[in-house]
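S.K.: Sharing a structure with you now.
The values are calculated or read from the model by the stated rules, or taken from the named source; none is laboratory data. This one's a predicted model, so the numbers in the text were calculated from it and none came from an experiment. We place every Cβ from the backbone using ideal geometry, glycine too, and count neighbours over all the protein chains shown.
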Amino acid sequence: MRVGISSLVAFKEDIENVMFFAQNNGFSHVNIFVSEPHFSLFKDRTYFKQLRRLAQNLGLLISLKAPAFTQNLSSIDNDIGRIAVKYYERIINIASILDSDKVIIRAGMVFYPEKLHPKETFQVTISRLIHILEKAKDNGIKLLIENYPYDFDMIRDIDDMLLIKKYLRKIAFAFNIPHLFALKRKNFDINKINYVDVDCFIMGPPPSPYHVPYNIRELENVIALYYDVVKIRRKELILASVRKDLILRIKSLISEK
Amino acid sequence: MNYIIGVSTSVFPSLDIDLLEVIEKIFMHGFNSVEIICSYPKFKPSQIDKNLRERIRKLAAQLNIKLLLHAPFYSINIADHNREIREFSVREIIDTIILGHDIEASIVTVHAGLCFLPCKLMYRETMRILMDSLSLIVETAENVDIKLALEIRASEFDIGKPLELLYIISEINSKHLGITFDTVQAQLLGDPIKVYSLVKKYCLNIHVRDSRKGMEEMLAIGEGDIGFSSLLTEMKNNGFNGPFILEMNNLERAIKSKKEILKLLS
């Protein structure tokens, strides 16, 4: 099974450094965390081509992760929606230059005005996702939606994935294990994962690999959940954390099992 | 003493309301101020046309209603590391200030910014970005003589803790920049009186609502755990006579709270 890392592991460093770290520690893949100033979407084409060459020389694959902290595909404000679409389009273009195979996105966030207009919110989200999916397909890139644990997130668990799949049959998912763990679902039927197209799993400290502080005491429980999932589906794994030592610890804990 | 006691448009939770009707309605219920939450889909500042602006201004002046605005805050982050988001956010707030000028509003409440992972890992750089954005915004506010009030925010994803706001105010150093104190946000931070004591010098506006401890609710005074009697006494002793904006989730709660607030301030 292939194991990659998120470039988040060296947020204050260049992507080049993450690539060397990945190669030295036996990772097959770097998932670039698209967030300024760590990774800018506004650099020129030459820079991205250099990154692609370096990854090829080191034998690494590249994918992109768009965290979308503020960009909101589900906003019923067209200006906000347009910014989110433009952001993902730009990321897909860069993914194409980098020869990436996939882009991981956040489906959207449902705030108070969206809650008051659920039908419109769902419609605009689907129509924007269709547009981005087509753009990704034209560029030979697989678009993956990642689950998030927050109340306002559009895609939180497998039921949400199944619902959106009714409208976007070709959509695939990046399944974030600590995010699922953070939902604290009881009597949760993990077998439902068989009905969604999971392309990769994301592992890191709870409640979220994209959050500090994190809860290190729960890490073993998250790994246990990962093993429950892996009994059903085996897919590529991406490790994500802001700490290199923690990434290596998770890697070794997973290898031990 | 004459107090300025108003309501937030949060008391009309459907957001599907006519602003002119709102002004008339709150006047009928004896309020002398209203804070308009500028949010899509109905009250996005750039979409409020000249004619409506003029009608709002005239009606508020005729009924002697003091107008305040709350700048947009959903998917808005003036401290964002992403240039497009940041520029959009600054533009939305500047649009709100211009709307404020056109309708003769006195105060615009603004959220200082959001603090997600990039902010947490690069806090200093984030604050520098925030200062750049705020300088532009404050310059506009100074030009049209509107006061900006940064709201106290307790969430870990918000910039807006009392010490952060005091730092921002000292750095920006403008007479047009102050603070909106929110009673529930203050309770989430600890003891509301202690929080108020920290920021009272810069307090331009108070959001009044009650909540149970550890919760973020929009209850009437007395329905939650905030000790309003001592808090309002502290405000009164500080010479603050409003605006007290009742930020409840329905008009009945605001009407009930107005009676209570007047009783406690008397």
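S.K.: Can you tell me how many residues in the range A:25-54 are among the aromatic types (Phe, Trp, Tyr) and either within 14 Å of another protein chain (Cβ to nearest Cβ) or part of a loop (DSSP other than H, G, I, E, B) (or both)?
M.R.: Residues flagged as among the aromatic types (Phe, Trp, Tyr) and either within 14 Å of another protein chain (Cβ to nearest Cβ) or part of a loop (DSSP other than H, G, I, E, B) (or both) within the range A:25-54 amount to 4.
S.K.: State whether one or more residues within the range A:123-134 are of a type in the set (Asp, Glu), modelled with pLDDT of 95 or more, crowded, with 16+ Cβ neighbours inside 10 Å and within 27 Å of A:SER100 (Cα to Cα).
M.R.: Checked against the condition, which is being of a type in the set (Asp, Glu), modelled with pLDDT of 95 or more, crowded, with 16+ Cβ neighbours inside 10 Å and within 27 Å of A:SER100 (Cα to Cα), the range A:123-134 yields no hits at all.
S.K.: Look through the range B:112-150, keep the residues that are in a loop (DSSP other than H, G, I, E, B) and either touching a helix residue (DSSP H, G or I) at 6+ places or on another chain (Cβ under 9 Å) or more than 14 Å from chain A (Cβ to nearest Cβ) (or both), and return whichever of them is farthest from B:ARG53 (Cα to Cα).
M.R.: Of everything passing the filter in the range B:112-150, B:CYS115 is farthest from B:ARG53 (Cα to Cα).
S.K.: Moving on. Residue check: is A:PRO213 touching a Pro at 6+ places or on another chain (Cβ under 6 Å) and either free of Cβ contacts under 8 Å to residues at least 40 places away in the same chain or not in a helix (DSSP H, G or I) (or both)? Full working, then the answer.
M.R.: Values: touching a Pro at 6+ places or on another chain (Cβ under 6 Å): no; either free of Cβ contacts under 8 Å to residues at least 40 places away in the same chain or not in a helix (DSSP H, G or I) (or both): yes.
No: the conditions fail for A:PRO213.
S.K.: So which residues in the range B:78-111 are surrounded by 24 or more Cβ atoms within 10 Å (Cβ to Cβ), among the aliphatic types (A, V, I, L, M) and within 14 Å of another protein chain (Cβ to nearest Cβ), if there are any at all?
M.R.: B:ILE78, B:ALA79, B:ILE85, B:ILE93
S.K.: Right, another one. Please find, among B:SER75, B:SER14, the residue that is crowded, with 24+ Cβ neighbours inside 10 Å, within 14 Å of chain A (Cβ to nearest Cβ) and part of a loop (DSSP other than H, G, I, E, B).
M.R.: One residue alone meets the criteria, B:SER75.
S.K.: Conditions first: (1) more than 19 Å from A:SER75 (Cβ to Cβ); (2) in contact (Cβ under 8 Å) with a residue 40 or more places away in the chain; (3) among the basic types (Lys, Arg). A:LYS192 passes all but one, so which condition is the exception?
M.R.: Of the numbered conditions (1) more than 19 Å from A:SER75 (Cβ to Cβ); (2) in contact (Cβ under 8 Å) with a residue 40 or more places away in the chain; (3) among the basic types (Lys, Arg), the odd one out for A:LYS192 is (2).
S.K.: Go through (1) without any contact (Cβ under 8 Å) to a residue 60 or more places away in the chain; (2) surrounded by 16 or more Cβ atoms within 10 Å (Cβ to Cβ); (3) within 20 Å of the chain's Cα centre (by Cα) one by one and return the number of the condition A:PRO37 breaks.
M.R.: It fails just one condition, (2).
S.K.: Considering only the range B:229-250, I want to know if a residue exists there that is out of contact with any Asp or Glu (no Cβ under 9 Å at 6 or more places or on another chain), surrounded by fewer than 19 Cβ atoms within 10 Å (Cβ to Cβ) and under 21 Å from B:PRO13 (Cβ atoms).
M.R.: Yes, some residue in the range B:229-250 is out of contact with any Asp or Glu (no Cβ under 9 Å at 6 or more places or on another chain), surrounded by fewer than 19 Cβ atoms within 10 Å (Cβ to Cβ) and under 21 Å from B:PRO13 (Cβ atoms).
S.K.: Test B:LYS58 against the criterion of being more than 27 Å from B:LEU251 (Cβ to Cβ), without any contact (Cβ under 8 Å) to a residue 60 or more places away in the chain and more than 14 Å from chain A (Cβ to nearest Cβ), and give yes or no. Write out each step before concluding.
M.R.: Working: more than 27 Å from B:LEU251 (Cβ to Cβ): no; without any contact (Cβ under 8 Å) to a residue 60 or more places away in the chain: yes; more than 14 Å from chain A (Cβ to nearest Cβ): yes.
The answer is no for B:LYS58.
S.K.: Would you say B:ILE179 is under 28 Å from B:LYS120 (Cα atoms), surrounded by 22 or more Cβ atoms within 10 Å (Cβ to Cβ), at pLDDT 95 or above and aliphatic (A, V, I, L, M)?
M.R.: Yes: the conditions hold for B:ILE179.
S.K.: Shifting gears a bit: Can you pull out every residue in the range A:189-238 that is small (Gly, Ala, Ser) and either surrounded by 20 or more Cβ atoms within 10 Å (Cβ to Cβ) or more than 17 Å from A:SER255 (Cα to Cα) (or both)?
M.R.: Within the range A:189-238, the subset small (Gly, Ala, Ser) is A:204, A:208, A:224.
The answer is A:GLY204, A:SER208.
S.K.: Could you list, in sequence order, all residues of the range B:56-70 that are surrounded by fewer than 15 Cβ atoms within 10 Å (Cβ to Cβ) and not aliphatic (A, V, I, L, M)?
M.R.: Across the range B:56-70, the qualifying residues are B:LYS58, B:GLN62, B:ASN64.
S.K.: If I filter the range A:10-23 for residues that are part of a loop (DSSP other than H, G, I, E, B) and touching a helix residue (DSSP H, G or I) at 6+ places or on another chain (Cβ under 6 Å), do I get at least one hit?
M.R.: Checked against the condition, which is being part of a loop (DSSP other than H, G, I, E, B) and touching a helix residue (DSSP H, G or I) at 6+ places or on another chain (Cβ under 6 Å), the range A:10-23 yields at least one hit.
S.K.: Something else about it: For the range B:55-105, give me the residue count where each residue is charged (D, E, K, R), closer than 23 Å to A:PRO113 by Cα and in contact with a Gly (Cβ under 8 Å, 6 or more places away or on another chain).
M.R.: The total comes to 1.
S.K.: Quick one: is A:ASN17 within 14 Å of chain B (Cβ to nearest Cβ) and surrounded by fewer than 23 Cβ atoms within 10 Å (Cβ to Cβ)? Talk me through it step by step, then tell me what you get.
M.R.: Numbers: within 14 Å of chain B (Cβ to nearest Cβ): no; surrounded by fewer than 23 Cβ atoms within 10 Å (Cβ to Cβ): yes.
Taking the combined requirement at face value, the residue does not satisfy it.
S.K.: Say we look at the range B:46-55 and pick out the residues that are of a type outside the set (S, T, N, Q) and over 16 Å from B:LYS25 (Cα atoms); which of these is farthest from the other protein chains (Cβ to nearest Cβ)?
M.R.: B:GLU54
S.K.: If you check B:SER75 against the conditions, is it small (Gly, Ala, Ser), within 30 Å of A:LEU41 (Cα to Cα) and without any contact (Cβ under 8 Å) to a residue 24 or more places away in the chain?
M.R.: It is true that B:SER75 is small (Gly, Ala, Ser), within 30 Å of A:LEU41 (Cα to Cα) and without any contact (Cβ under 8 Å) to a residue 24 or more places away in the chain.
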